[in-house]
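Every number in this text was worked out from the coordinates using simple rules, so none of it is lab data. Since the model is a prediction, treat every value here as computed from it, not as a measurement. In this analysis, Cβ positions are derived from the backbone assuming ideal geometry, glycine residues included, and neighbour counts consider all displayed protein chains.
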Amino acid sequence: MVSAHIENALNGQIEVEARSSQYYLSMASWADTKGFSGVSQFLYRHSDEERQHMLKLIHYVNERGGKAVIPSLDKPPSDFDSIQTIFKDLFEHEQRVTRQINEVVDACLKEKDYTTHNFMQWYVSEQIEEEALARNILDKLALIGNDKGGLYLFDRELGAMQSH
Ligand code: OFO
């Protein structure tokens, strides 16, 4: 059984994952309208994965005797300056998510909820991968700069890449 405090913390995380999913969906749709089909495929997949992260939390909370709360969400930004901006925003967003996850983990330790602590380790590992991937993409974009041919190849590469 999760305590009320941990239940709240997990419900907060459900909202964070839902927001990530919406945010990346908005980025994907923007890239789609700008002709970056590879980037948009990558971001649509990423958005789906965030939804899976949210669902995994919903199932866990309910299985542990709590009640998952489905959050309402603010409209995410719908315009972005460039592909570079998108991945910079994504990286910063993931860093915030990591901090959020660390807070949940910290709450588990304080409450001696080792079961939820164990469950959260999956998210801790996931964040390492997500941050590394975003950093890697940003490095590539920095190399490409304003080279249109480079950006074209980057778009194709991302279309074929798993989001983690
Ligand atoms: Fe759920 O990993 Fe990104 O936010």
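For the stretch 47-120, the set of trypsin sites (Lys or Arg not before Pro) satisfying both a DSSP loop assignment and a count of at most 14 other C-beta atoms within 10 Å is given as Lys67, Lys112.
Along the charge dipole of the chain, pointing to its positive end and built from +1/-1 on Cβ of Lys, Arg, Asp and Glu, which listed residue (Asn62, Tyr24, Phe91) has its Cα farthest out? Sorting the options by dipole projection puts first Asn62. Taking only the alpha carbons of the stretch 4-160, we obtain Rg and Dmax values of 17.0, 54 Å in that order.
Computed from Cα positions, the angle between helix 83-110 and the longest principal axis of the chain comes to roughly 10 degrees. Rounded to the nearest 20 debye, the dipole size of the chain about its Cα centre is 120 debye, using +1 on the Cβ of Lys and Arg and -1 on the Cβ of Asp and Glu.
Only helices enter this figure: runs of n ≥ 4 DSSP H residues, each worth -39500 (n - 2.57), summed and divided by the residues of the chain, yield -28000 deg cm²/dmol at 222 nm to the nearest 500. Under the criterion of Cα pairs below 8 Å and six or more residues apart, the relative contact order for the stretch 1-145 equals 28 percent. Each label was represented as a point 7 Å from its Cα along the Cα-to-Cβ direction; for Leu138 and Thr33 these points are 2.6 nm apart. Ordered by the count of other Cβ atoms within 10 Å of each Cβ, fewest first, His53, His46, His59 give His59, His53, His46. Only lysines eight or more places from Lys67 in sequence, or on another chain, were considered; those with a Cα closer than 26 Å are Lys56, Lys75, Lys110, Lys112.
By the beta-carbon count within 10 Å of each Cβ, the least crowded to most crowded order of Glu50, Glu63, Glu157, fewest first, is Glu63, Glu157, Glu50.
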